[in-house]
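The values are calculated or read from the model by the stated rules, or taken from the named source; none is laboratory data. As the structure is a prediction and not an experimental result, all values here were calculated from the model. Because the Cβ atoms are built from the backbone with ideal geometry, glycine has one as well, and the counts that use them run over all protein chains shown.
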Amino acid sequence: MAGRRNIIPTSHKDYCQVIRLEGQIDNAIEIWSFLDQYDPIKSDTDAILRRAVESYFGAIRSLQTNFFNCGIDLARGTSNLGGFVAMMNEMFFARLPGDLLEADFLWPRILWLQNLQCVLENENLSIEESLIEGWRMFLDPEQGPTKHNLCYNIAEQSSSWHGLAADEQEEFLKCFAINADMVHGLPGRLQMPDLTDPRARKAEELGVFREFALSRKVKCLDVNHPSVTAPTSEVSICSICHEDLVKEEIGSSASHRPVETSCHHVFGYSCIRNWFSEGQQTCPMCREQFTSVHECTLEELLQSCDRALEWMDPCNQFEVRPRPHSFLDKLSLLFRPASEIREKVQAPTRRELEKEKEKLVIYGLFLTRDRLQAVVENDADRFRQVVERQAQVFARRVWINFINGTRPDYY
């Protein structure tokens, strides 16, 4: 089934709505997510509201995945109620499994998403203003998600938001101030003033896990596994590889150092780590289920990054042009009026885009690794250099995603 961007001609003025929602709004979500993954959580309320933003942005993206990509335009697809109901029955409900057809949340969700689409596509509002208006709708106790409990933990999120003082709400709303000026200042927004701050280091750890998990180009990092300790029993051979264990390596950073599981079986660390990385959560000897989680150090995480990237090509051919033609400068152009973007953006071929994007993903992982090393070594200058390059790579990736989401004619 043809998606919305394939139905509306790119030369038609209505295509500006595709540029705005599938392009500009989606860009803003990408930028927020990139900043959030490295930003230390300040309080329990801050954590709750950040997860609320994730749910809110998930609702926005469901417009595209569940409706636009199937040719359903909730706001402009029909001119009357009867036509709207007929369109939804034919193009949406007909695709659902039978057990969902009677779900009482479907119509409230659809009608709320219809209102949200109208707000986000309102050309009288800036991107920032439309995101804020949609956010207020999302957490309004009298509207869709909160009123009908359409999202996980929405009641707690709404309560936390409305429990803030007016000035606290205004401060939080600054996270939606995503515009050309903000894009130009992206490297500064990413920098951490104190690399020894435990909160900053924890945020860095979570950011690394998230970046590698989203890449889909390398295996997952292998330090996120059940806990192991220094052996308290006799050390002899590894029960997995049957190689001798070296007692003097206990407590060291040696790859195959002896470690003990909670059920008191002893293995070489690299062997039990590989066992866990294959998805196993039980002891290979007695099959006891593990529940406690290993708290890895940043040094261990860095070593895990190196193992994941060992056979990847670092692709050092990425060139950043100086201003005013850097990738951040180009990305900032995408916050100009949608009509200007529709007329001026040039779309390369799909093959060129996909090839470049794949290289950028891999190169971005190497930068994530280098950034972590700078934190481990408390090297602020190196950290700053990596962040500046990371921001340029990210900007180029978002530009490519914009073309993917808004230009059907590049195929």
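Looking only at the range 45-101, which residues are among the β-branched types (V, I, T) and more than 29 Å from the chain's Cα centre (by Cα)?
Going through the range 45-101, the residues among the β-branched types (V, I, T) turn out to be 45, 48, 53, 60, 65, 72, 78, 85.
Of everything in the range 45-101, those that are among the β-branched types (V, I, T) and more than 29 Å from the chain's Cα centre (by Cα) turn out to be T78, V85.
For the structure I just gave you, tell me whether L139 is in contact (Cβ under 8 Å) with a residue 60 or more places away in the chain, closer than 30 Å to V361 by Cβ and surrounded by 19 or more Cβ atoms within 10 Å (Cβ to Cβ).
Working: in contact (Cβ under 8 Å) with a residue 60 or more places away in the chain: yes; closer than 30 Å to V361 by Cβ: no; surrounded by 19 or more Cβ atoms within 10 Å (Cβ to Cβ): yes.
In short, no.
Does E156 fit the bill of being in the same structural domain as P40 (by TED's automatic domain parsing) and either part of a helix (DSSP H, G or I) or at pLDDT 85 or above (or both)? Walk me through how you get there before you give the answer.
Numbers: in the same structural domain as P40 (by TED's automatic domain parsing): yes; either part of a helix (DSSP H, G or I) or at pLDDT 85 or above (or both): yes.
Against the criterion (in the same structural domain as P40 (by TED's automatic domain parsing) and either part of a helix (DSSP H, G or I) or at pLDDT 85 or above (or both)), E156 qualifies.
Residues to consider are F172, F176; find the one that is surrounded by fewer than 19 Cβ atoms within 10 Å (Cβ to Cβ), under 17 Å from R51 (Cβ atoms) and under 24 Å from the mean Cα position of the chain (by Cα). Outline the logic, then answer.
Details: F176 fails: surrounded by fewer than 19 Cβ atoms within 10 Å (Cβ to Cβ).
Result: F172 is the single residue among F172, F176 that is surrounded by fewer than 19 Cβ atoms within 10 Å (Cβ to Cβ), under 17 Å from R51 (Cβ atoms) and under 24 Å from the mean Cα position of the chain (by Cα).
So in the range 33-44, with the set limited to residues that are within 13 Å of the chain's Cα centre (by Cα) and of a type in the set (A, V, I, L, M, F, W, C), which one is surrounded by the most Cβ atoms within 10 Å (Cβ to Cβ)?
Result: F34.
Looking at the range 352-378, which of its residues are in contact (Cβ under 8 Å) with a residue 60 or more places away in the chain and either within 30 Å of P9 (Cβ to Cβ) or outside any helix (DSSP H, G or I) (or both)? Walk me through it before giving the result.
Pass one, the range 352-378, residues in contact (Cβ under 8 Å) with a residue 60 or more places away in the chain: 358, 361-362, 364-365, 368-369, 371-376, 378.
Hit for the range 352-378 is N378, nothing else.
Please specify each residue of the range 94-110 satisfying the condition of being part of a helix (DSSP H, G or I) and surrounded by fewer than 14 Cβ atoms within 10 Å (Cβ to Cβ). Outline the logic, then answer.
Quick first cut of the range 94-110, residues part of a helix (DSSP H, G or I) only: 94-95, 98-100, 106-110.
Answer for the range 94-110, where residues must be part of a helix (DSSP H, G or I) and surrounded by fewer than 14 Cβ atoms within 10 Å (Cβ to Cβ): A94, R95, G98, D99, L100, W107.
Starting from residues that are polar (S, T, N, Q) and surrounded by fewer than 22 Cβ atoms within 10 Å (Cβ to Cβ), keep the ones in the range 393-411 and report whichever is modelled with the lowest pLDDT. Outline the logic, then answer.
Step one: filter the range 393-411 for residues polar (S, T, N, Q), giving 401, 404, 406.
Applying the additional criterion that residues be surrounded by fewer than 22 Cβ atoms within 10 Å (Cβ to Cβ) yields 401, 404.
On the way: N401: 88, N404: 81.
Filtering the range 393-411 for residues that are polar (S, T, N, Q) and surrounded by fewer than 22 Cβ atoms within 10 Å (Cβ to Cβ), the one modelled with the lowest pLDDT comes out as N404.
Which condition breaks for E249 when tested against (1) of a type in the set (D, E); (2) modelled with pLDDT under 80; (3) surrounded by 15 or more Cβ atoms within 10 Å (Cβ to Cβ)?
Only one criterion in (1) of a type in the set (D, E); (2) modelled with pLDDT under 80; (3) surrounded by 15 or more Cβ atoms within 10 Å (Cβ to Cβ) is unmet by E249, namely (2).
Which one is surrounded by the most Cβ atoms within 10 Å (Cβ to Cβ) among residues in the range 261-281 that are assigned to a strand (DSSP E or B) and more than 35 Å from the chain's Cα centre (by Cα)?
Taking the range 261-281 and keeping what is assigned to a strand (DSSP E or B), we get 266-268.
If we keep only those that are more than 35 Å from the chain's Cα centre (by Cα) too, we end up with 266-267.
On the way: V266: 23, F267: 26.
Selected residue: F267.
Just to check your reading of the model, which residue among E278, E288 is at pLDDT below 85 and farther than 23 Å from L372 by Cα? Before you say what the answer is, go through the steps one by one.
Numbers: E288 fails: at pLDDT below 85.
Step by step, each of E278, E288 is checked, and only E278 is at pLDDT below 85 and farther than 23 Å from L372 by Cα.
As an exercise: evaluate S130 against (1) out of contact with any helix residue (DSSP H, G or I) (no Cβ under 6 Å at 6 or more places or on another chain); (2) in a helix (DSSP H, G or I) and give the number of the one condition it does not meet.
(1)
Does S126 fit the bill of being in the same structural domain as E54 (by TED's automatic domain parsing), buried (at least 17 other Cβ atoms within 10 Å of the Cβ) and either in contact (Cβ under 8 Å) with a residue 24 or more places away in the chain or in contact with a Lys or Arg (Cβ under 9 Å, 6 or more places away or on another chain) (or both)? Before the answer, list the steps.
On the way: in the same structural domain as E54 (by TED's automatic domain parsing): yes; buried (at least 17 other Cβ atoms within 10 Å of the Cβ): no; either in contact (Cβ under 8 Å) with a residue 24 or more places away in the chain or in contact with a Lys or Arg (Cβ under 9 Å, 6 or more places away or on another chain) (or both): yes.
Judged against the criteria, S126 is not a match.
Collect the residues in the range 52-66 that are among the hydrophobic types (A, V, I, L, M, F, W, C) and free of Cβ contacts under 8 Å to residues at least 60 places away in the same chain, keeping them in residue-number order.
So the first thing to find is which residues in the range 52-66 are among the hydrophobic types (A, V, I, L, M, F, W, C), and the list is 52-53, 57, 59-60, 63.
Correct list: F57, L63.
What pairs come up if the first residue lies in the range 299-322 and is in the same structural domain as E358 (by TED's automatic domain parsing), the second is acidic (D, E), and their beta carbons are under 8 Å apart, counting only those six or more places apart or on different chains?
The qualifying pairs are L301/E205; S304/D222; R307/D222; A308/D222.
Of everything in the range 371-387, what is surrounded by 18 or more Cβ atoms within 10 Å (Cβ to Cβ) and either out of contact with any Leu (no Cβ under 8 Å at 6 or more places or on another chain) or under 22 Å from K357 (Cα atoms) (or both)? Give them in sequence order.
Hits for the range 371-387 are R371, V386, V387.
Take the conditions assigned by TED's automatic domain parsing to the domain that holds I110 and either crowded, with 19+ Cβ neighbours inside 10 Å or assigned to a loop (DSSP other than H, G, I, E, B) (or both) and apply them to L150. Does it pass? Give the derivation first.
Working: assigned by TED's automatic domain parsing to the domain that holds I110: yes; either crowded, with 19+ Cβ neighbours inside 10 Å or assigned to a loop (DSSP other than H, G, I, E, B) (or both): yes.
Answer is yes for this residue.
Here are the criteria: (1) closer than 24 Å to V387 by Cα; (2) surrounded by fewer than 21 Cβ atoms within 10 Å (Cβ to Cβ); (3) among the aliphatic types (A, V, I, L, M). Tell me which single one A28 does not satisfy.
(2)
Considering only residues that are assigned to a helix (DSSP H, G or I) and in contact (Cβ under 8 Å) with a residue 24 or more places away in the chain, which ones fall in the range 67-90? Break it down into steps so the answer makes sense when it comes.
Filtering the range 67-90 for residues assigned to a helix (DSSP H, G or I) gives 68-70, 81-90.
If the condition is that a residue be assigned to a helix (DSSP H, G or I) and in contact (Cβ under 8 Å) with a residue 24 or more places away in the chain, then F68, N69, C70 are the ones that fit.
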